1. Principal axes first, then extents: for the Cα atoms of the stretch 1-40, list largest minus smallest coordinate on each axis, whole Å, largest first.
2. For residue 58, enumerate residues with amide H under 5 Å from its amide H, sequence gap 5+ or separate chain, H modeled in the peptide plane.
3. What does DSSP give for the chain in terms of the percent of beta bridges that are antiparallel, rounded to the nearest 5?
4. Using helices alone, what [θ] at 222 nm do you get for the chain, with -39,500 (n - 2.57) per DSSP H run of 4 or more residues, divided over all residues and rounded to the nearest 500?
5. Across the stretch 64-77, in residue order, what do the Karplus-derived ³J(HN,Hα) couplings come to in whole Hz, using 6.51 cos²θ - 1.76 cosθ + 1.60 with θ = phi - 60° and x for Gly and Pro?
6. Could you tell me what a quarter of the Cα convex hull surface of the stretch 3-75 works out to, in nm² with one decimal place?
7. Normalised by the residues of the stretch 17-77, what does the relative contact order come to in percent, with Cα pairs under 8 Å and at least six apart?
8. Please list 3J(HN,Hα) in residue order for the stretch 20-25, calculated via the Karplus relation 6.51 cos²θ - 1.76 cosθ + 1.60 where θ = phi - 60°; whole Hz, with x for glycine and proline.
Amino acid sequence: MTAEDWVEVDARGQQCPMPLLLAKRALNGMQSGQRLRVLATDQGSVRDFQVFARQSGHALLATEEQGDTYIHLLQKA
């Protein structure tokens, strides 16, 4: 899968709950199976995206930390 296949949301600098709200908005406009990459600097986003994936049915494929940025990879249910 190439970078062009991902929808990306840049939520760096946004505090809770904005990274999650921006991701939800993006997912609402996506088709089932599409993938979303969320960039966030809010440390609380790690737990937020884990809980969100369990409750929403979307797959949290990975969460990575690169410097001060958390990268959350999701696949729409």
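1. 29, 19, 9
2. Correct list: 77.
3. On the way: 13 of 19 bridges.
Once the DSSP bridges in the chain are tallied, antiparallel ones form about 70 percent.
4. On the way: 2 runs with 23 residues, N = 77.
Computed mean residue ellipticity for the chain: -9000 deg cm²/dmol.
5. 10, 10, 10, x, 9, 10, 9, 10, 10, 10, 10, 10, 5, 5
6. Numbers: hull surface 17.4 nm².
The number I arrive at for the stretch 3-75 is 4.4 nm².
7. Details: 90 pairs, mean separation 24.4, N = 61.
The value is 40 percent.
8. These are the phi-based 3J(HN,Hα) values: 5, 5, 5, 5, 4, 4 Hz.
Coordinate-derived values only; no laboratory data. Please read these numbers as outputs of a predicted model, since none were measured by experiment.
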